[in-house]
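No value in this document is a laboratory result; all are computed from the given coordinates. The structure presented is a predicted model; accordingly, all values stated were derived computationally and were not measured. In this analysis, Cβ positions are derived from the backbone assuming ideal geometry, glycine residues included, and neighbour counts consider all displayed protein chains.
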Amino acid sequence: MMKTKVLMFGWELPPYNSGGLGVACLGLLRAMLKKGLAVTFVLPRRKDISFDQTKILFADEIKVKFKTVDSLLFPYATVSSYKEHTSVHKTPYAMNLMDEVRRYAKAAEKIAKSESFDIIHVHDWLSFPAGIAAKQVSGKSMVAHIHSTEYDRTGGNINQEIADIEKEGLEKADLVIAVSGFTKDAIIEKYGIDPAKIRVVHNGIDAEDYNTSDLDESNLEHMKDSGYKIVLYVGRITIQKGVDYLLKAAKQVLKYNPKVYFVIAGSGDMERQIIEQAAELGISDKVLFAGFLRGEELIKLYRIVDLFVMPSVSEPFGLTALEAVINDTPVLISKQSGVSEVLTHALKVDFWDTEEMANKILAVLLYDSLTLTLKDNAMSEVKKQDWQSVANKVTDIYTKHLNEFFA
């Protein structure tokens with residue numbers, strides 16, 4: 001049997017990632033290669049990234065009519081955040097975000113004419129126009145893999161131009177992969193997409209990626225030696241992620257147990273607001289801002305804390321919850337998240353119910369038996385949710401569709 005050849009458009013791969021999208025793309029890519037698929041992965045700009053058995057293409061090296069300098073596109077870009085980036089870095093290859101998206105699509109057109117492939121796979125709205133362009137010149141089918149929607153990212157205060165691109169991509173895709181039933185429902189409700197062409201494939205995690213044992217001692221260990229408990233949040237600090245609700249819960253927790261530190265690891269457009277909110281609530285001395293972390297620093301943090309909390313207002317999936325579990329940390333997650341569909345052994349709460357959130361945080365910090373039960377049972381189920389099983393599902397989707405396409 002011949003290898004299925006996939007032309008995949010994405011925006012980032014670790015270690016040059018700004019969030020979970022790059023982590024998910026890497027996990028899926030590695031598993032697809034192990035399964036024997038031939039993948040050409042297209043990124044918008046040159047980075048020092050290479051993989052055995054796959055070709056990495058960089059769109060900024062494709063000669064098109066637009067300027068060909070490094071792109072500043074990133075998965076969670078908005079029109080305003082793009083302007084902030086270009087004012088700092090001074091190296092946009094287009095005057096605004098939408099021009100960059102169009103430039104990438106033009107490059108994709110040239111790539112599709114020169115590459116050999118069976119199917120197109122695109123990740124999220126920034127690559128949708130690229131996928132559409134590749135489809136138009138090649139006549140090949142396009143799979144739109146949606147990790148988040150504009151409604152998730154903005155709390156409903158959408159940029160209509162981005163929403164229109166998202167809608168067009170979903171409509172022109174032959175198949176849509178949603179990372180959760182939660183996301184599938186949103187796609188149907190917000191964009192009117194036919195449910196028959198949507199497939200739900202949850203994200204995965206590979207335990208061997210977290211087998212690091214030689215970790216330096218963390219400063220937080222001194223706090224724990226002094227009898228403090230530590231609660232962790234990891235993710236972007238944006239309206240979507242609900243960090244403001246976590247701080248309200250933290251205020252209640254500290255009334256009953258003042259020996260708790262809350263660590264916020266991440267960055268985003270609400271960072272200043274969250275810092276100010278902690279001060280207004282009178283808990284700034286118990287809230288530590290760690291900034292954006294990755295690799296061993298993040299693993300070390302997961303392993304030292306007593307509880308991981310994901311209070312998202314709207315979370316298509318939530319890979320950080322799986323990362324916490326695989327590092328032997330109990331989790332409390334929002335019911336408004338896709339990961340709640342695969343994590344049975346996790347505490348769950350509505351993001352807005354800060355009183356219940358505080359109660360559950362206190363329960364984990366107080367009862368060791370609850371902590372052990374959550375950790376052991378969650379670990380067992382997460383180990384079954386690996387990227388190879390995700391790649392198997394995606395490959396089955398390809399095979400069935402291509403068989404029908406050529407029937």
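Starting from the Cα of Glu355, move 7 Å in the Cα-to-Cβ direction to define the label point; list residues of the stretch 245-278 whose amide nitrogen is under 12 Å from there.
What the label zone holds, given the 12 Å backbone N cut-off, is no residue at all.
What distance in nm lies between label points placed 7 Å from Cα along the C-beta direction at Glu171 and Asp99?
Computed distance between label sites Glu171 and Asp99 equals 2.7 nm.
Return the single residue from Ile49, Ile198, Ile333 with maximal mean-square fluctuation; model: Gaussian network over the chain, springs between Cα atoms under 10 Å.
Looking only at Ile49, Ile198, Ile333, the biggest GNM fluctuation is shown by Ile49.
Using the Kirkwood radius over Cα pairs, work out the Stokes-Einstein diffusion coefficient for the stretch 208-382 at 20 °C and 1.002 mPa s, in µm²/s as a whole number. It would help to have the intermediate numbers written out before the result.
Numbers: Rh = 15.9 Å.
Answer, rounded: 134 µm²/s.
Rank Glu315, Glu297, Glu150 by mean-square fluctuation in a GNM of the chain with C-alpha springs under 10 angstrom and give only the top-ranked residue.
Glu297
Rounded to the nearest 0.05, what FRET efficiency do Met379 and Lys110 give with R0 = 41 Å and r taken as the Cβ-Cβ distance? Could you check?
0.30
For Glu280 and Gln136, FRET efficiency with R0 = 45 Å and r from the beta-carbon atoms, rounded to 0.05?
Once the sixth-power term is evaluated, E becomes 0.30.
Please list the three semi-axes, largest first and in whole Å, of the ellipsoid equivalent to the chain, using sqrt of 5 times the eigenvalues of its alpha carbon gyration tensor.
After diagonalising the Cα gyration tensor, the semi-axes are 37, 23, 20 Å.
Round to the nearest 0.05 the FRET efficiency obtained for Ala207 and Leu370 when R0 = 41 Å and r is the Cβ-Cβ distance.
It comes out at approximately 0.95.
With each pseudo-label sitting 7 Å past Cα toward Cβ, what's the Asp48-Ala196 distance in nm, one decimal?
Taking the simple label geometry, Asp48 and Ala196 are separated by 5.1 nm.
Relative contact order for the chain: what is it in percent, counting Cα pairs under 8 Å that are at least 6 residues apart?
14
If contacts are Cα pairs under 8 angstrom and at least 6 residues apart, what is the relative contact order of the stretch 171-289 in percent?
Details: 110 pairs, mean separation 24.6, N = 119.
Taking the mean separation of contacting Cα pairs over the length of the stretch 171-289, I get 21 percent.
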